[in-house]
Amino acid sequence: MNRFDHVGALNDTTEVYTKAVYASFLKRVIRVVMPRSTNGDKDGHAPLYSTDTELDAMKLIAYYKSRFQIEFLSWDAKQYTGLTHCQSTRKEAISLQVNATLTALNLLKAEDRKAKKTDKATVISIASWKRRKRNQYLMNRLFGELDLDQSCGKVANIYERYSDYSTIVA
């Protein structure tokens with residue numbers, strides 16, 4: 001790390017270093033940014049790079065964070081909301097499919113924030129929310145068939161407790 005230039009701190013445990021180096025596999029000069037975190041006796045680092053050698057190190061870290069969030073969003077959309085299930089070749093149909101799946105994700109994130117009573121963006125488990133919604137659907141059908149009033153304290157307590165049954169994150 002003594003060959004790298006210290007840029008500053010990302011947080012209390014992470015220092016950022018950078019250097020423009022020649023990358024033989026790219027046959028060009030690249031900007032390498034090395035966030036190095038220390039947590040007790042453990043050290044961690046995540047080398048990041050860009051072909052733009054003038055790019056600020058902190059901005060490069062922000063770009064990588066955004067990229068990860070975009071990849072996570074598209075993975076969730078493919079996995080749980082049917083982003084890749086459109087069988088049409090028409091541009092309008094594909095556009096509608098993409099918009100519908102991303103809208104479903106956004107509505108779910110809004111509901112998650114409302115349930116947690118926060119405006120702060122958090123990582124959510126769509127698998128857990130999917131399981132929670134299925135549990136609630138089944139309980140609504142069951143309670144409806146049994147003619148149970150969900151405003152009753154005991155029934156409401158059971159409904160709330162079993163809504164999160166077998167979810168990953170409650």
Query raised in the report: Which condition number does LEU83 fail, the rest of (1) surrounded by 11 or more Cβ atoms within 10 Å (Cβ to Cβ); (2) out of contact with any helix residue (DSSP H, G or I) (no Cβ under 9 Å at 6 or more places or on another chain); (3) part of a loop (DSSP other than H, G, I, E, B) being met?
Result: (2)
Report task. Filter region 158-170 down to residues that are loosely packed, with under 13 Cβ neighbours inside 10 Å, outside any helix (DSSP H, G or I) and of a type in the set (Asp, Glu), then give me how many there are. Result -> 0
Query raised in the report: Does LYS59 satisfy being open to solvent by 50 Å² or more (accessible area, probe 1.4 Å), of a type in the set (Lys, Arg) and either touching a Phe, Trp or Tyr at 6+ places or on another chain (Cβ under 8 Å) or farther than 30 Å from ASP5 by Cα (or both)?
Result: no
Report task. Hey, could you check region 1-22 for residues that are closer than 15 Å to ILE61 by Cα and of a type in the set (Ser, Thr, Tyr) and say which is surrounded by the most Cβ atoms within 10 Å (Cβ to Cβ)? Result -> THR18
Report task. Tell me, yes or no, whether region 8-27 has at least one residue that is part of a strand (DSSP E or B), under 25 Å from ILE124 (Cβ atoms) and over 19 Å from the mean Cα position of the chain (by Cα). Result -> yes
Requested in this report: Name the residue, out of LEU73, LEU96, that is out of contact with any Gly (no Cβ under 9 Å at 6 or more places or on another chain) and closer than 29 Å to ASP12 by Cβ.
Outcome: LEU73
Report task. Check off (1) more than 15 Å from the chain's Cα centre (by Cα); (2) surrounded by 10 or more Cβ atoms within 10 Å (Cβ to Cβ); (3) at pLDDT below 80 for PHE72 and give me the number that stays unchecked. Result -> (1)
Query raised in the report: What are the residue pairs meeting all of these: first residue in region 33-55, first residue basic (Lys, Arg), second residue open to solvent by 70 Å² or more (accessible area, probe 1.4 Å) and not in a strand (DSSP E or B), Cβ atoms under 8 Å, and 6 or more apart or on different chains?
Result: ARG36/MET1
Requested in this report: Show the residue pairs that are 6+ apart or on different chains and have beta-carbon atoms under 9 Å apart, the first residue being within region 154-165 and on the phi > 0 side of the Ramachandran plot, the second being modelled with pLDDT of 85 or more and assigned to a helix (DSSP H, G or I).
Outcome: none
Report task. Quickly run through region 117-157 and pick out the residues that are at pLDDT 90 or above, open to solvent by 60 Å² or more (accessible area, probe 1.4 Å) and of a type in the set (A, V, I, L, M). Result -> LEU138, LEU142, LEU146
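The values are calculated or read from the model by the stated rules, or taken from the named source; none is laboratory data. From a predicted model like this one, the values you see are computed outputs, not experimental measurements. Cβ: placed from backbone, ideal geometry, glycine included. Neighbour counts: every protein chain shown. Heads up: the accessible areas ignore ligands, DNA and RNA and are worked out on the full protein's heavy atoms, side chains in. Shrake-Rupley method; radii C 1.70, N 1.55, O 1.52, S 1.80 Å.
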